[in-house]
1. Can you go through A145, A97 and tell me which one is surrounded by fewer than 20 Cβ atoms within 10 Å (Cβ to Cβ) and either assigned to a helix (DSSP H, G or I) or among the polar types (S, T, N, Q) (or both)?
2. What are the residues in segment 66-94 that are of a type in the set (F, W, Y) and exposed (fewer than 15 other Cβ atoms within 10 Å of the Cβ), if any?
3. Would you mention how many residues in segment 79-94 are more than 17 Å from E130 (Cβ to Cβ), of a type in the set (F, W, Y) and either in contact with a strand residue (DSSP E or B) (Cβ under 7 Å, 6 or more places away or on another chain) or at pLDDT 90 or above (or both)?
4. Kindly indicate which of V137, V63, V57 is within 21 Å of Y10 (Cα to Cα), in contact with a Pro (Cβ under 8 Å, 6 or more places away or on another chain), open to solvent by less than 40 Å² (accessible area, probe 1.4 Å) and among the hydrophobic types (A, V, I, L, M, F, W, C).
5. What are the pairs with Cβ atoms under 7 angstrom where one residue, in segment 11-24, is under 13 Å from S85 (Cα atoms) and the other, located anywhere, is among the β-branched types (V, I, T)? Sequence gap at least six, or different chains.
6. Restricting the search to segment 172-186, which residues are closer than 28 Å to I3 by Cβ and open to solvent by less than 70 Å² (accessible area, probe 1.4 Å)?
7. Please tell me if A14 is assigned to a helix (DSSP H, G or I) and surrounded by 15 or more Cβ atoms within 10 Å (Cβ to Cβ).
8. Answer yes or no as to whether I116 is over 23 Å from A5 (Cβ atoms) and aliphatic (A, V, I, L, M).
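The values are calculated or read from the model by the stated rules, or taken from the named source; none is laboratory data. The shown structure was predicted, so the numbers you read here are calculated from the model rather than taken from an experiment. FYI the Cβ positions are ideal-geometry reconstructions off the backbone, even for glycines, and counts take in every protein chain you see. All accessible areas refer to the heavy atoms of the entire protein, side chains included, with ligands and DNA or RNA removed. Shrake-Rupley method; radii C 1.70, N 1.55, O 1.52, S 1.80 Å.
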Amino acid sequence: MTIRAYNELYLSDAQSNLANAFDYAINVCKQTPDIFAKIFSRSEYAKKFECGDPAIVSGKSGVELVKSILAKINIFDTFPEPQFSQDRSPEYWAGWAIAYYQWYSAKRFKDIFARIPLSQIILMYKVFHEMDIMAFVESMEKRYAEVKVETKLRSLREARGLSQRELSNVSGVKLRSIQLFEQKVNDIDKAQAHTLYKLARVLGCTIEDLLENPEQIL
């Protein structure tokens, strides 16, 4: 049984705020959906959102959330004024639906968007916006499971420009172990803590970044 990311009492606020955030970022600030999703999912605010930090899911409006995120990368000197409409945009719906899915599944935003880009989720609006939210959740779960992605260890290793042998030499982790983790023969989520620590130290990431299914462990 999946443990929900945070108390359901905050869910309505979380959905409303993420909906307004995506609508403002994409339709008003003219951010490309997948680029903004990447910026958001890698931010400190996404991590706080994922665990239901009241200061983020309820304490900040969607517009304030976007401004806080984009201010970190100096995109605007002055942010555009919000534009409110009674008609909910596909981007608004996508934020609302994704907030529910993240809460329901306890997956990280960056893991969700790595498999199902925000631009694709926005296109799901036409089919799912009038359906019960669980129809969207079931579709997302199916898509998430079907997408085959390379292991996070391999992605991080290649991003650092290291061969498997070089990573082994620098980290002290056996070459065969690295190969088996990347081939998914051995489950890195079940690796010993000191092995994960050695790899994370060399790759400049957290242990959590190496795990394939951190939501089931942490």
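1. After ruling out the rest, the residue left standing is A145.
2. Within segment 66-94, F76, F84 qualify.
3. Result for segment 79-94: 1.
4. Residue meeting the stated conditions: V63.
5. N20/V63; Y24/V63; Y24/V66
6. Passing the criteria: F181, N186.
7. Criteria met by A14.
8. no
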